[in-house]
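First the structure, in the form of structure tokens, and then the observations on it.
The values are calculated or read from the model by the stated rules, or taken from the named source; none is laboratory data. As the structure is a prediction and not an experimental result, all values here were calculated from the model. So basically every Cβ, Gly included, is an ideal-geometry build from the backbone, and we count neighbours across all protein chains shown. The accessibility values were calculated without ligands, DNA or RNA, using every heavy atom of the protein model including side chains. Shrake-Rupley method; radii C 1.70, N 1.55, O 1.52, S 1.80 Å.
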Amino acid sequence: MPASPTTRDVFVSQFNRGLAIALWAIVALLLVTTVLNDQTWQARVLALVPTAFGVLLGWVALWRPRMTIDDDGIEVVNVFHTVHVPWSALVHVDTRFALTLVTPNRRVSVWAAPAPGRAGVALARRQNQRHGRVVPDAEDGNRRAGDLLSTSSGDAAYLVRHRWDALRERDAIELGAADTVQVPVRLHWVSIALLVATGVGGWFAIAAR
């Protein structure tokens, strides 16, 4: 059942978060193995640097990315930046390679909502047939495999289109202003710096062993 247009919807990739947990488990196992096998404190301390890189990479690339939808717009948290797309700037929703929010001056791909591959399409089609669902129409009347419900891109696109339609029905979106509305972008400078530092430091730590 769709959420009320007055609520906030948060979309994350459960698959990516599962990968993050798997990555963290592998990193933890490697750290424990290193601590148990290396006899020197220097080696044990150096092992913390690549461990930090693995933990940070899992959080930045797999766990943190999300899309938040409310009546003010769509906030897209990707790996290296966060983009806020006001509803009045949105002109099209595409799902060819990933959920992509199209504005006159920018295309914002949602890292947390990639389009499915062939296996994902086949699985989604079976699930939709089992539950009597059909591929939703896009705003231009076309249908893509990426619009299939039970896929990351399709589920995320449904949330966006459902809220977009509800706001347009309420005349809550300023029309004809898309060319002049700003789409703010904020880089994740701290995350980028930490990834570079722990990545380079981890390489030297491994080389020093």
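Brief remarks on what is shown
- Residue-span extension gain [Asp72 to Thr33] - 0.36 nm each, minus C-alpha spacing: 9.2 nm
- Area accessible to solvent at Thr100, 1.4 Å probe radius, in Å²: 10 Å²
- Note on Arg106: accessible area is roughly 100 Å² with a 1.4 Å probe, heavy atoms of protein only.
- Gyration tensor verdict on region 147-201 (Cα atoms; rounded if a/c is under 1.5, prolate if a/b is larger than b/c, oblate otherwise): oblate
- For peptides 186-198, 48-60, 65-77, sequence by mean Cβ density within 10 Å, most packed first: 65-77, 48-60, 186-198
- Point-to-point label distance, Asp165-His92, nm (Cα→Cβ direction, 7 Å offset): 2.0 nm
- Accessible area (Å², per residue) of region 6-78, counting only protein heavy atoms and a probe of 1.4 Å: 56 Å²
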